[in-house]
2 protein chains.
Amino acid sequence: MPTTDVSPAALAAAVLDRADRLAACSEEPGRLTRRFAPPALAAAGDLVLGWMGDAGMTARRDAIGNVVGRWEPPGGAAASTLLLGSHLDTVRDAGRYDGMLGVLVALACVERLRDAPFAVEVFGFADEEGVRYGTAYLGSSVVAGTFDRDALGRRDADGVAMADAIAAFGGDPAALDGARRDREDLLGYVEVHIEQGPVLEAEDLPVGVVTGIAGQNRAEVTFAGVPGHAGTVPMALRRDALVAAAELVTAVEARATDGLVATVGELRVEPGASNVIPARARLSVDVRHLDDAAREAAVADLRERARAIASSRGLDVAWTAVQATGAVACSPALMTELEAAVADAGARVVRLPSGAGHDAAVMSNLGDIAMLFVRCAGGISHNPAEAVTAQDVAVAIDVTSRVLDRLGR
Amino acid sequence: MPTTDVSPAALAAAVLDRADRLAACSEEPGRLTRRFAPPALAAAGDLVLGWMGDAGMTARRDAIGNVVGRWEPPGGAAASTLLLGSHLDTVRDAGRYDGMLGVLVALACVERLRDAPFAVEVFGFADEEGVRYGTAYLGSSVVAGTFDRDALGRRDADGVAMADAIAAFGGDPAALDGARRDREDLLGYVEVHIEQGPVLEAEDLPVGVVTGIAGQNRAEVTFAGVPGHAGTVPMALRRDALVAAAELVTAVEARATDGLVATVGELRVEPGASNVIPARARLSVDVRHLDDAAREAAVADLRERARAIASSRGLDVAWTAVQATGAVACSPALMTELEAAVADAGARVVRLPSGAGHDAAVMSNLGDIAMLFVRCAGGISHNPAEAVTAQDVAVAIDVTSRVLDRLGR
């Protein structure tokens, strides 16, 4: 029996307390904002390093400033290693669980761990949200070896280059390549994260097993028509950019079937006066799916639809691709272990895709990944109202501990 | 033969030259902005007063600062009076013909006039656009006796009360009631104005006879849904405010048939990020028609449609009426004279409604009104690109002079 009899419930209370203490490490008074590399992130990392040491781990920071703790089984150096973790940075005016929960649950599981036939490393990545430099997954990309060195020249809003920020944070921009984790001995990477969506709440379940991380296309679409007086231009002579955009908005929703999600989150009208026929309408289109071919087909359909709408109305349309990332599948083997662990913990097993990106997507470059989602109140994230219950956190600790057990058999 | 042989073409050149000179009277360097009562409007009024005097008119300013010139027939005081005119204020970054053209064409017609069995008064209204105080038709409302004295307490963006602005302009806020024009001796009010729309250009005609000024409803509609992550909230669990707004935008366009024009000119989305499902969408709805019953039926239909869209999507909707004004019909008798004058001038007669408001709508409180529209390039107004041709202005002078002739028979 590798885990102790310290109850998940007791450890869950500690996790919530630690999340509160991390939330006090902020760049801004009165709200939680912790971007890459300011003193607030250093303070949060110091707390985690301390807890790692208390748990008997060898704790350090790597060259980008990720916090890493390594637990070795009592018998001596292990032949293989399981990676756990998530990130410690936040968006502006953030909640206190997005990222941190995964680090703290991993720590709690190590605290319960008495023996295993492998080592465990817990990562607290220094940047996943990418708020400071527009580079999401900075921390995990260094570990996974996908970091783009050109990004070192990027400057933040204050003009500070990323390389200087890394050095000021105690890291070493010249040593980033060496911080790549060797993949040979890895068992995989398992990440616990709040769901950031309403599915588990709707299903009345504490946790869910993630099937993969959806691929995503983002585009900006601009319809250009002719402005005119809302009272004096007959309908037949109009070239109204907003009506075209509205047709595309409804088409985007209608195209979202069979697991595809599609969203228009931004729409701006120019000149934007109640008595002026819109001359330009600019909108964002966000399309996500676990299946890359299904996503790409939907994007192609919508692009053609935008063209047809513009053509039928005598408008110009420009479709600009902003981003395209492929889907990442979770490891079937690790999913099987997670599902068994959920069942062992007494919960009903539900699978769900992740529509949001996570460090696990980047870590998939090193090997197998798996994710466990934890129910969050109202599906709300990136907001101070982000909330989890101690009961659900206890289930997450229980399930993750059981996965460690199962992998050690 | 009451009019001279001074050709409309020669007078049209003078009108365009005078429009250029008025355009130099601006509050802002490099562009034309002439709101109610700053020195720029005084300077423009002084120019017009001078031209009125040169034309043999008795010229003055009234208590609100309107410029008024009165021409009496050579034989002595006339028993009745025909009113002509338009406004001298502008929007910000305006064109040089919206308003001014009607004053200058009226002046040109008086300059051609040698005899008539009635007097002619030409008005240059001090405020029609309402840019400074949000009170459109300020000048004509004083003349028509519909001025609301409560407006005197309104303050502009600099905190200057309207009463103080009137006094500083040389007017007399206490004497506004007395500036009302007595209606007993009036033959009517005829206004020449640029079309501000594309119909005459599409018909390849210099002028058109206005049938009436459309009634207008303006409303602000807000759909309120639930924000969410664009990747993590399944389509079935969304309450997207923008998709609802988009359905209403297309419904507004579809409802605009049989002379009704309907426009959504503003649409704002909150929070307005590409990866966030819209929580709120606020849009303007502008509906106009010459027939009040048709307009009111359309507004009722659209309001019900908004309610049905919100209901089917589990959203809240608020429909706020911002403005509702009834249609004003032009006088059939004066329209007949205008149409005959257009035909006499050798042009094809076309009737068209005015979708924009004009001083004539307010002046209808004093008696019969008529309007002649002049083709403007691209239908563009409220823009420095506003343009008319000398040929079309000559036709407008010719037609208006012929109306004076016809009314004098």
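The values are calculated or read from the model by the stated rules, or taken from the named source; none is laboratory data. None of these values were measured; they are calculated from a predicted model. Every residue, glycine as well, gets a Cβ built from its backbone with ideal geometry; the counts of neighbours run over all protein chains shown. These accessible areas exclude ligands, DNA and RNA; they are computed on the full protein's heavy atoms, side chains included. Shrake-Rupley method; radii C 1.70, N 1.55, O 1.52, S 1.80 Å.
If the condition is being part of a helix (DSSP H, G or I) and open to solvent by 70 Å² or more (accessible area, probe 1.4 Å), then region A:179-201 contributes only A:E201. Residues in region B:296-326 that are open to solvent by less than 30 Å² (accessible area, probe 1.4 Å) and either among the small types (G, A, S) or in contact with a Lys or Arg (Cβ under 7 Å, 6 or more places away or on another chain) (or both) were compared, and the one that is farthest from B:L372 (Cα to Cα) is B:L315. When we screen A:E266, A:E270, A:E220 for residues that are farther than 22 Å from A:G314 by Cα and surrounded by fewer than 22 Cβ atoms within 10 Å (Cβ to Cβ), the only hit is A:E266. Among the numbered criteria (1) in the same structural domain as A:V120 (by TED's automatic domain parsing); (2) not in a loop (DSSP other than H, G, I, E, B), which single criterion is violated by A:A219? The single condition A:A219 does not satisfy is (1). On inspection, B:E128 fails the criterion of being part of a strand (DSSP E or B), surrounded by 23 or more Cβ atoms within 10 Å (Cβ to Cβ) and of a type outside the set (A, V, I, L, M, F, W, C).
Taking into account only those residues within region A:222-240 that are touching a residue at least 60 places away in the same chain (Cβ under 8 Å) and within 11 Å of chain B (Cβ to nearest Cβ), which is nearest to B:T325 (Cα to Cα)? Explain how you work it out, then say what you get.
Applying the first criterion (touching a residue at least 60 places away in the same chain (Cβ under 8 Å)) to region A:222-240 yields A:222-225, A:239-240.
Retained after the next criterion (residues that are within 11 Å of chain B (Cβ to nearest Cβ)): A:239-240.
Details: A:R239: 26, A:D240: 25 Å.
Ranking the qualifying residues of region A:222-240, first place goes to A:D240.
Scan region A:330-337 and give yes if some residue there is away from every other protein chain (no Cβ under 11 Å), outside any loop (DSSP other than H, G, I, E, B) and open to solvent by less than 30 Å² (accessible area, probe 1.4 Å), otherwise no.
Going residue by residue through region A:330-337, those that are away from every other protein chain (no Cβ under 11 Å) are A:330-337.
Imposing the further condition that a residue be outside any loop (DSSP other than H, G, I, E, B) reduces the set to A:332-337.
Of the ones still in play, those that are also open to solvent by less than 30 Å² (accessible area, probe 1.4 Å) are A:334-335.
Scanning region A:330-337 turns up at least one residue that is away from every other protein chain (no Cβ under 11 Å), outside any loop (DSSP other than H, G, I, E, B) and open to solvent by less than 30 Å² (accessible area, probe 1.4 Å).
Taken over region A:100-125, the criterion of being part of a loop (DSSP other than H, G, I, E, B), open to solvent by 10 Å² or more (accessible area, probe 1.4 Å) and either farther than 25 Å from A:D185 by Cβ or in contact with a helix residue (DSSP H, G or I) (Cβ under 8 Å, 6 or more places away or on another chain) (or both) is satisfied by A:A116 alone. Would region A:156-166 turn up any residue that is of a type in the set (V, I, T), away from every other protein chain (no Cβ under 14 Å), in contact (Cβ under 8 Å) with a residue 12 or more places away in the chain and not in a helix (DSSP H, G or I)? Checked region A:156-166: no residue is of a type in the set (V, I, T), away from every other protein chain (no Cβ under 14 Å), in contact (Cβ under 8 Å) with a residue 12 or more places away in the chain and not in a helix (DSSP H, G or I).
Of all the criteria given as (1) within 9 Å of chain A (Cβ to nearest Cβ); (2) of a type in the set (K, R); (3) open to solvent by 20 Å² or more (accessible area, probe 1.4 Å), the one not satisfied by B:R255 is (1).
The set of residues in region A:133-145 being at pLDDT 95 or above and either in a loop (DSSP other than H, G, I, E, B) or open to solvent by 20 Å² or more (accessible area, probe 1.4 Å) (or both) consists of A:G145 alone. Of the residues contained in region B:377-386, none is found to be more than 14 Å from chain A (Cβ to nearest Cβ) and over 14 Å from the mean Cα position of the chain (by Cα). Failed condition for B:I213, given (1) open to solvent by less than 40 Å² (accessible area, probe 1.4 Å); (2) under 24 Å from A:S284 (Cα atoms); (3) more than 7 Å from every other protein chain (Cβ to nearest Cβ); (4) of a type in the set (A, V, I, L, M), with all others met? Condition (2) is where B:I213 drops out.
Restricting region A:236-247 to residues that are surrounded by fewer than 24 Cβ atoms within 10 Å (Cβ to Cβ) and under 46 Å from the mean Cα position of the chain (by Cα), which is farthest from A:I309 (Cα to Cα)? Break it down into steps so the answer makes sense when it comes.
Filtering region A:236-247 down to residues surrounded by fewer than 24 Cβ atoms within 10 Å (Cβ to Cβ) leaves A:236-239, A:247.
If we keep only those that are under 46 Å from the mean Cα position of the chain (by Cα) as well, we get A:238-239, A:247.
Working: A:R238: 14, A:R239: 11, A:E247: 7 Å.
Filtering region A:236-247 for residues that are surrounded by fewer than 24 Cβ atoms within 10 Å (Cβ to Cβ) and under 46 Å from the mean Cα position of the chain (by Cα), the one farthest from A:I309 (Cα to Cα) comes out as A:R238.
If you take just the strands (runs of 3 or more DSSP E) that sit entirely in region A:238-302, which of them hold at least 3 residues that are aliphatic (A, V, I, L, M)? First the steps, then the outcome.
On the way: elements: A:261-263, A:267-270, A:280-289.
Output list reads A:280-289.
Condition check for B:L152 on (1) open to solvent by 10 Å² or more (accessible area, probe 1.4 Å); (2) in a loop (DSSP other than H, G, I, E, B): one failure, at (2).
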